[in-house]
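The values are calculated or read from the model by the stated rules, or taken from the named source; none is laboratory data. Keep in mind it's a predicted model, so treat the numbers as computed, not measured. Cβ sites come from the backbone with ideal geometry, for glycine too, and all protein chains shown count toward neighbours.
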Amino acid sequence: MLKSLLARLRGARPVAAPDTRKEFDDLNRKAPLRGEAGAQAHAETPGADTFLCREAVLGRDQRIAGYQFMLREGTRGRIRNSSRVVHHVYAEVLVRNLLQSNIGGLLGHRHAYLDLPDSFLAHPCLRDLPPANTVLVIEHLGGSGAPAPETLLEQVRDLRAEGFRIAIPDPDIVTELAHLLPEVDAVVLRALAIDPERNRQRKVKLAQLSGHTDMLVRELTTMEHLGLCMNLGVALFQGPFVTSREDWHDNKLRPDVARLAILLGRLRQDADTAEIVTLTKQNPALSLRLLRYINSAASGLPTKVASIEGALQLLGRDKLYRWLMIMFCSTNEAHGRSAAALESALVRARMMELLAAKSAPTQQEALFLTGLLSLADVVLQVPLERAIAPLGLSAEIEDAILRRSGPHAALLELVIACETAQAEQIDSAAQRCGITPASASTRHIEALGWALGTLL
């Protein structure tokens, strides 16, 4: 993880429109992008508000197994009742934005979940995605242009042979895709489908699904609901529960975390070097990690640093402070959901820093800390006030984190809005910050790439 902390970002720029391909003449010749569908079609053409959002997908260990990448809710809502042609246009925009952002090269063991129309599975742009990291979730659109059941089945088999994973929605609800069930890798259920009363009425029982496919449940809101799903054999979980708060009133910082917090507080208060070195040495594991970090290949040092004093002198206080702050938020990452929350916190931190690229370095650092610590309670599983109390933070950072007020609050609201994919929240927050939603989206994906690279 530490070797990547100072790495440069991978670029990610929105892709405006897909190219026409001969294989899709029947669908694309009337596409709005070709200018042949009149004013209504033109209104459905991808524009500046068409950008990527993401939501984490957790495994049974509550670590991030992947992300669902999607266009923001306003865009999805606008095209929901549009023609199949328009759905194809936006599906290609989704895929090509992902390719342009280079997310595939950063996913590691994680998967990208993409909801795509049933008639889009033969599109050649899918072959540019990394098969081992891609789960194609088939959407049934209905109406003319839908592939015949046997054709769709053949396409699913071909894609799986290439290494792609295939998922379908609940076969009890979308019965038109139920014939694919023996061939798919996952079934996507809504949280409502896990309700005990509804379970008794299901035609396709959950036990039958878990026998040969993974179950992915979306829209989970609470840890209690997560526990119910686990008991039913669900393998993958998605929803706002990932960053939800619990009652941690009785929890306290572990002794090693508390010592690290004191060190951070003294650094913030500009304590002398001798005291910083002494406090660092009181934590042998931290000292070892610091020396490994400073001597890593990424540092490019001609000789190895053998002392904490040397590491501090070489790294400097500002970089040491940021490194230690990330260590502070990483101390509980072995505990399931904490790792997922840490990843989200890193995305928030980097995005806020990027959005302030024209500000002074001290301002950028303050915004980075605001984003990073905004989920400190979820990461450390202690009350937020207790988690940040020893850190000696500025009033502006505390106001933003604890009270959503002060000069840093607007940017924090914007980065949180980008996690929800809700168009109105994104637009409103972006306007308050004087930033276009498209620019916010670009920074969001760049920040995600940085966070994934940092945690590899």
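Filter segment 109-136 down to residues that are out of contact with any helix residue (DSSP H, G or I) (no Cβ under 7 Å at 6 or more places or on another chain), surrounded by 20 or more Cβ atoms within 10 Å (Cβ to Cβ) and of a type in the set (A, V, I, L, M, F, W, C), then give me how many there are.
Qualifying residue count for the region: 1.
Search segment 394-406 for residues that are touching a residue at least 12 places away in the same chain (Cβ under 8 Å) and of a type in the set (G, A, S) and pair each with any residue that is in a helix (DSSP H, G or I) and surrounded by 17 or more Cβ atoms within 10 Å (Cβ to Cβ) when their beta-carbon atoms are under 8 Å apart and the residues are at least 6 apart or on different chains.
S394/A366; A400/T370; A400/A409; A400/L412
When only residues in segment 430-439 that are in a helix (DSSP H, G or I) and modelled with pLDDT of 90 or more count, which is surrounded by the most Cβ atoms within 10 Å (Cβ to Cβ)?
A430
Residues are listed down the side, and each one gets a yes or a no for (1) touching a strand residue (DSSP E or B) at 6+ places or on another chain (Cβ under 7 Å); (2) within 22 Å of A340 (Cβ to Cβ); (3) of a type in the set (S, T, N, Q):
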residue	(1), (2), (3)
G163	no, no, no
I166	yes, no, no
T175	no, no, yes
S210	no, no, yes
T213	yes, no, yes
H225	no, yes, no
L228	no, yes, no
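Which members of segment 184-217 meet the condition of being closer than 20 Å to M70 by Cα, free of Cβ contacts under 8 Å to residues at least 60 places away in the same chain and buried (at least 19 other Cβ atoms within 10 Å of the Cβ)?
A186, V187, V188, L189, A191, M215, V217
Need at least 2 residues that are under 25 Å from the mean Cα position of the chain (by Cα) per element, so show me which helices (runs of 4 or more DSSP H) inside segment 183-263 make the cut, counting only ones lying wholly within it.
Of the helices (runs of 4 or more DSSP H) lying wholly inside segment 183-263, those with at least 2 residues that are under 25 Å from the mean Cα position of the chain (by Cα) span 223-231.
Of all residues in segment 220-242, which are crowded, with 16+ Cβ neighbours inside 10 Å and in contact with a Pro (Cβ under 9 Å, 6 or more places away or on another chain)?
Once the filter is applied, which keeps residues that are crowded, with 16+ Cβ neighbours inside 10 Å and in contact with a Pro (Cβ under 9 Å, 6 or more places away or on another chain), segment 220-242 yields L220, L228.
All but one of (1) modelled with pLDDT of 95 or more; (2) surrounded by 16 or more Cβ atoms within 10 Å (Cβ to Cβ) hold for E154; state the number of the condition that does not hold.
Looking at each condition in turn, E154 falls short on (2).
Tell me, please, whether a residue that is surrounded by 18 or more Cβ atoms within 10 Å (Cβ to Cβ), within 19 Å of K319 (Cβ to Cβ) and among the hydrophobic types (A, V, I, L, M, F, W, C) can be found in segment 292-299.
Yes, some residue in segment 292-299 is surrounded by 18 or more Cβ atoms within 10 Å (Cβ to Cβ), within 19 Å of K319 (Cβ to Cβ) and among the hydrophobic types (A, V, I, L, M, F, W, C).
Can you go through L288, L253 and tell me which one is of a type in the set (A, V, I, L, M, F, W, C) and in contact (Cβ under 8 Å) with a residue 40 or more places away in the chain?
L253
Only one of (1) outside the structural domain of V379 (by TED's automatic domain parsing); (2) touching a helix residue (DSSP H, G or I) at 6+ places or on another chain (Cβ under 6 Å); (3) in a helix (DSSP H, G or I) fails for R322. Which number is that?
The one condition R322 does not meet is (2).
Which number in (1) modelled with pLDDT under 95; (2) among the small types (G, A, S); (3) farther than 23 Å from Q62 by Cβ marks the one condition that A193 misses?
Just one mismatch for A193, condition (3).
Among what's in segment 418-429 and is within 18 Å of H408 (Cα to Cα) and buried (at least 21 other Cβ atoms within 10 Å of the Cβ), pick the residue that is modelled with the lowest pLDDT.
Step by step, filter segment 418-429, then rank; the result is E419.
Here is a list: L402, L373, L412. Which entry is over 22 Å from S439 (Cβ atoms), in the same structural domain as G449 (by TED's automatic domain parsing) and surrounded by fewer than 24 Cβ atoms within 10 Å (Cβ to Cβ)?
Selected residue: L402, the only one of L402, L373, L412 that is over 22 Å from S439 (Cβ atoms), in the same structural domain as G449 (by TED's automatic domain parsing) and surrounded by fewer than 24 Cβ atoms within 10 Å (Cβ to Cβ).
Does any residue in segment 133-161 that is under 25 Å from A65 (Cα atoms) and among the β-branched types (V, I, T) come within less than 8 Å, Cβ to Cβ, of a residue that is assigned to a loop (DSSP other than H, G, I, E, B) and modelled with pLDDT of 95 or more six or more places away or on a different chain, and which pairs are these?
Short answer, once both residue conditions are applied: T134/F164; V135/F164; V135/D185; I138/L121; V156/L121; V156/V184.
Residue pairs, Cβ under 6 Å, 6 or more apart or interchain, first in segment 92-116 and basic (K, R), second at pLDDT 80 or above. List them.
From residues that are basic (K, R), the pairs are R110/G66.
Can you tell me which residue in segment 157-173 is surrounded by the most Cβ atoms within 10 Å (Cβ to Cβ), limited to those that are modelled with pLDDT of 95 or more and within 28 Å of E224 (Cβ to Cβ)?
Among those that are modelled with pLDDT of 95 or more and within 28 Å of E224 (Cβ to Cβ), it is I168.
What residue, of T362, T370, is farther than 20 Å from A451 by Cβ, among the hydroxyl-bearing types (S, T, Y) and assigned to a helix (DSSP H, G or I)?
Answer to the check: T362.
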